[in-house]
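Report on the structure given below.
All of the numbers you see were taken from the coordinates with simple rules; none came from a lab. These numbers were taken from a predicted model, which means no experiment stands behind them. All Cβ positions, even for glycine, are placed from backbone atoms using ideal geometry, and neighbour counts span all protein chains on display.
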């Protein structure tokens with residue numbers, strides 16, 4: 001508690017010193033406001049609050065209760081580790097009986113207190129804690145607190161057991177009870193000296209004492225003055241030397257920064273200019289070649305009527321090539337920008353957004369849970385239901401759920417208003433995507449934290465409490481990321497097929513070992529299978545997709561694994577395996593075998609093309625563990641990001657089963673924006689998502705900026721989120737590949753060390769020019785041609801955006817609190 005004669009300020013100043021040795025330490029004041037409303041607020045209590053806020057301790061290390069009833073205080077005392085009662089020299093403390101010390105004795109609570117009364121003498125004599133002088137500073141207080149915390153509680157228990165009988169209630173109250181039962185009149189005042197006589201005697205004695213001590217006191221003051229002067233002179237000399245050292249180091253550092261900056265900028269400008277000129281020259285040459293190719297194709301269309309449709313499709317693809325578009329721009333034909341909303345309209349909209357204000361007397365930090373949605377109606381019921389008050393383990397008045405709708409056309413807003421009226425809705429005027437959609441809400445948040453979720457997620461009961469508790473444990477945690485599991489459990493379906501090599505058979509130039517064409521793997525709803533919202537993942541052993549639209553297919557390499565999601569394990573899962581068994585006669589017979597967990601589900605030779613029904617037994621489904629989708633994000637050596645829990649085999653990526661290997665709370669480099677708690681103080685310092693990213697890599701970019709600013713990213717395994725993953729956006733689609741490729745370059749040019757940024761930029765530019773050249777060949781597969789087109793778009797976008805990226809880089813590096821090497825030490829090999 002806090003009264004005016006107590007000293008909470010020294011205690012608050014001691015807490016940072018305690019946290020250095022014991023980061024779990026927390027300080028609770030149980031009474032900072034008298035329960036009688038007539039009693040004015042305590043000025044000392046307000047000073048303590050202000051000091052806690054200034055030191056960054058308020059509501060994360062130091063907590064204030066207005067008033068705790070005495071019955072409830074017993075629970076706090078029993079659960080506490082140290083009781084504190086400190087004060088300056090004061091008449092209240094010298095002549096009062098400190099009942100709070102009696103509470104500590106009854107609770108067996110070791111204490112750290114100021115001396116000056118009989119109780120403190122008893123505490124010191126009996127070893128019930130540590131007793132300090134009333135003028136002790138924060139260093140002495142912190143040392144005493146740490147000393148008590150380090151002493152085994154059992155030692156104190158033995159000492160308290162010997163003392164407590166002397167302070168039983170019947171003994172403590174006995175003198176008062178005797179007086180109440182038999183009041184006695186005070187003796188006649190007449191036998192005492194009068195007030196005037198007593199005052200005269202006191203004044204005379206006091207004057208004599210003053211005269212007696214004057215000389216000694218004067219000598220002491222002079223000695224103290226000389227000591228202070230000497231200390232000041234030493235401090236001035238030390239400060240002068242330190243200042244000169246700092247100035248010298250600053251000048252040297254600035255000179256080095258200027259040299260590095262000038263060298264890097266000049267080299268970047270020269271190399272970029274040279275590279276750009278080379279690219280333009282190559283593009284002009286390639287444009288001429290493409291125009292010739294187009295003319296040739298037109299001639300072929302005229303006399304090859306049998307392949308008219310195929311050649312027209314080829315012509316359309318060539319006309320949409322980035323080389324042709326760039327050629328048009330070089331000839332003075334500007335490309336129309338694809339703007340969804342102008343900046344002025346967006347700024348006005350963002351300024352109009354209002355989120356909830358934290359109510360007073362909260363029992364937990366206030367959190368705004370933000371979900372960006374674009375035509376995700378099919379996901380919202382599961383997502384929002386898991387966040388409902390009473391379902392989520394968090395005080396309902398301490399959080400709000402905000403749906404940020406990016407101009408959906410699927411009635412998402414109407415459905416949410418009808419079925420989840422407690423959800424706050426922000427209706428954006430256009431599709432602002434993930435980055436800017438979240439920014440609109442985060443900039444308006446008024447609480448201590450903002451939690452971000454994808455709309456294709458469902459959270460566990462204790463998700464939010466686990467994140468907030470971790471944030472309290474780690475006050476420098478700018479981001480606290482969840483354990484993301486795939487929404488559906490998945491079973492590995494192994495497809496084995498005899499292989500052939502077209503090049504070795506002299507059939508074509510294709511040098512791949514080919515097994516069987518897989519057209520689809522899907523739940524057989526006709527036999528009772530429930531349709532899954534998540535698609536099958538084609539993993540190791542599958543080549544990239546070929547064909548277009550409904551005709552997409554994949555070759556196996558002979559032994560391939562697909563991961564099949566399922567919704568229930570209480571009954572078998574019927575599937576349809578679509579294949580095209582056509583192969584050259586020279587390739588020999590096709591033997592096809594399908595297995596799950598070592599059990600063979602299908603073993604046939606020369607099956608016909610079409611859908612083959614197979615069935616996965618229920619006992620195999622029940623044994624399938626959950627799958628990790630993200631346990632934090634890794635920073636790879638080339639500056640890209642990867643889900644912790646992802647496994648890359650060749651060109652395929654799959655994910656680990658959850659076997660408890662990621663159940664440790666620990667720091668990670670980055671977070672996944674599909675389920676993360678962000679501290680608003682960190683966001684306001686480093687900024688929000690980079691809206692130029694639109695989608696993908698914006699979370700990695702923000703994590704990197706937080707790291708440079710000295711904030712931490714923590715992985716919290718107790719905060720579990722189930723994520724459909726790519727439910728709202730298609731993974732490995734052209735849209736996905738373009739934005740991940742471009743945004744990776746954006747991030748490196750903004751944040752990476754100069755050598756890494758320049759190396760990766762140069763490598764990508766050279767590779768892109770090469771694939772553009774190779775894509776002119778008619779033998780280039782359509783998929784490779786599409787990839788070349790995407791890479792060309794990403795390269796051109798980065799060139800256009802380069803000046804803005806370099807400006808942002810200069811600002812971020814100037815404000816950084818950590819050197820690049822402190823961030824890049826998180827890099828791991830891919």
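Full extension from residue 507 to residue 24: what is 0.36 nm times the residue separation minus their Cα-Cα distance, to one decimal in nm? It would help to have the intermediate numbers written out before the result.
Working: separation 483, 0.36 × 483 = 173.88 nm, distance 6.99 nm.
Extra length from residue 507 to residue 24 when fully extended: 166.9 nm.
Which semi-axis lengths, in whole Å and largest first, follow from the square roots of five times the eigenvalues of the Cα gyration tensor of segment 8-181? Spell out each step's value before the answer.
Working: eigenvalues 137, 89, 49 Å².
So the three semi-axes of segment 8-181 are 26, 21, 16 Å.
The stretch between residue 157 and residue 171 holds 3.0 nm of extra length on full extension. This uses 0.36 nm per residue minus the Cα-Cα distance. Computed extension gain for residue 345 through residue 43, at 0.36 nm per residue and net of the alpha carbon distance, reaches 104.0 nm.
Place the peptides 351-360, 674-683 in order of packing, highest mean first, counting for every residue the other Cβ atoms within 10 Å and averaging per peptide. Walk me through the numbers on the way to the answer.
Details: 351-360: 12.5, 674-683: 23.6.
So the peptides 351-360, 674-683, ranked by packing, come out 674-683, 351-360.
Put a dot 7 Å past the Cα of residue 54, heading toward its Cβ, do the same for residue 828, and the two dots end up 4.4 nm apart.
Computed from the Cβ-Cβ distance with R0 of 51 Å, the FRET efficiency linking residue 133 to residue 648 stands at 0.20.
Taking segment 600-750 on its own, what percent of its Cα-Cα pair distances exceed 29 Å? Walk me through the numbers on the way to the answer.
Values: 3460 of 11325 pairs.
That tail contains 31 percent of the Cα-Cα pairs.
Taken along the Cα-to-beta-carbon direction at a fixed 7 Å, the label points for residue 472 and residue 615 span 5.3 nm.
Round to the nearest 0.05 the FRET efficiency obtained for residue 126 and residue 357 when R0 = 51 Å and r is the Cβ-Cβ distance.
Numbers: r = 50 Å, r/R0 = 0.99.
Computed FRET efficiency for residue 126 and residue 357: 0.50.
Roughly how far apart, in whole Å, are the Cα centres of segment 748-764 and segment 439-508? Distance between centres, Cα-based: 27 Å.
Exposure proxy shown here: for 706, 30, the number of other Cβ atoms within 10 Å sets the order, fewest to most, as 30, 706.
Take every DSSP beta bridge whose two residues both sit in segment 8-181; close to 10 percent of them are antiparallel. Relative contact order of segment 8-181, taken over Cα pairs closer than 8 Å and 6 or more residues apart, is 22 percent.
Wrap a convex hull around the Cα atoms of segment 1-92, take a quarter of its surface area, and give that in square nanometres. Walk me through the numbers on the way to the answer.
Details: hull surface 26.3 nm².
Averaged projected hull area, Cα only: 6.6 nm².
What separates the Cα centres of segment 135-187 and segment 541-596 is a distance of 78 Å. Distance between the 7 Å Cα→Cβ label points at residue 604 and residue 762: 5.6 nm.
Within segment 120-141, list the residues whose amide N lies under 20 Å from a label point set 7 Å along Cα→Cβ of residue 234. Within reach of a label on residue 234: 137-140.
Could you list 71, 233 in order of exposure, starting from the residue whose Cβ has the fewest other Cβ atoms within 10 Å? Could you put the intermediate results ahead of the total?
On the way: 71 7, 233 10.
Ascending Cβ contact count within 10 Å gives the list 71, 233.
Looking at segment 329-481, what % of the alpha carbon pairs are farther apart than 29 Å? If you can, show how the numbers build up before the last one.
Working: 2579 of 11628 pairs.
Of the Cα pairs, 22 percent sit more than 29 Å apart.
Relative to one another, the C-alpha centroids of segment 1-54 and segment 382-407 are positioned 34 Å apart. For 690, 135, which order do you get if you count the other beta carbons within 10 Å of each Cβ and list the fewest first? Fewest-to-most ranking of 690, 135: 135, 690. Compactness check for segment 407-497: Cα Rg over 2.2 N^0.38 Å is 1.44. If you take the beta carbon distance between residue 76 and residue 36 as r and set R0 to 22 Å, what does 1/(1 + (r/R0)^6) give as a FRET efficiency, to the nearest 0.05? Using R0 = 22 Å, I get an efficiency of 0.55.
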